[in-house]
Amino acid sequence: MTEKKSRAGYWMLFLVSLAIITILMIFLPEAFWLALPTTVGGFAMAMDWI
């Protein structure tokens, strides 16, 4: 049974977390690691690798 997933939500998750990680890199670079798992996970789900 094949399930069709909506990837638009995953792309939004990726783009929002990418914006947050960019802001963190500018103002608080040591907190980069906090947003990294969400950014990478959101990208992997949006590309349907998971």
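FYI, it's all coordinate maths here, none of it is from the lab. Since the structure is predicted, the reported quantities are computational estimates derived from the model, not experimental observations. Cβ sites come from the backbone with ideal geometry, for glycine too, and all protein chains shown count toward neighbours.
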Calculate how steeply helix 8-27 sits against the longest principal axis of the alpha-carbon atoms of the chain, using the helix alpha-carbon long axis, and give the answer as 0 to 90 degrees to the nearest 10. 10
Net length gained if the chain between LEU15 and MET47 were fully extended (0.36 nm per residue, minus Cα distance): 10.2 nm
At a Förster distance of 30 Å, what's the computed FRET efficiency of TRP33 paired with ARG7, Cβ-Cβ distance as r, to 0.05? 0.70
Taking only the alpha-carbon positions of the chain and ignoring solvent, what does the Debye formula give for the base-10 log of I(q)/I(0) at q = 0.14, 0.18, 0.28, 0.31 Å⁻¹? -0.38, -0.55, -0.96, -1.07
To the nearest 10 degrees, how steeply does helix 32-46 sit against the main Cα axis of the chain, on a 0 to 90 scale? 20
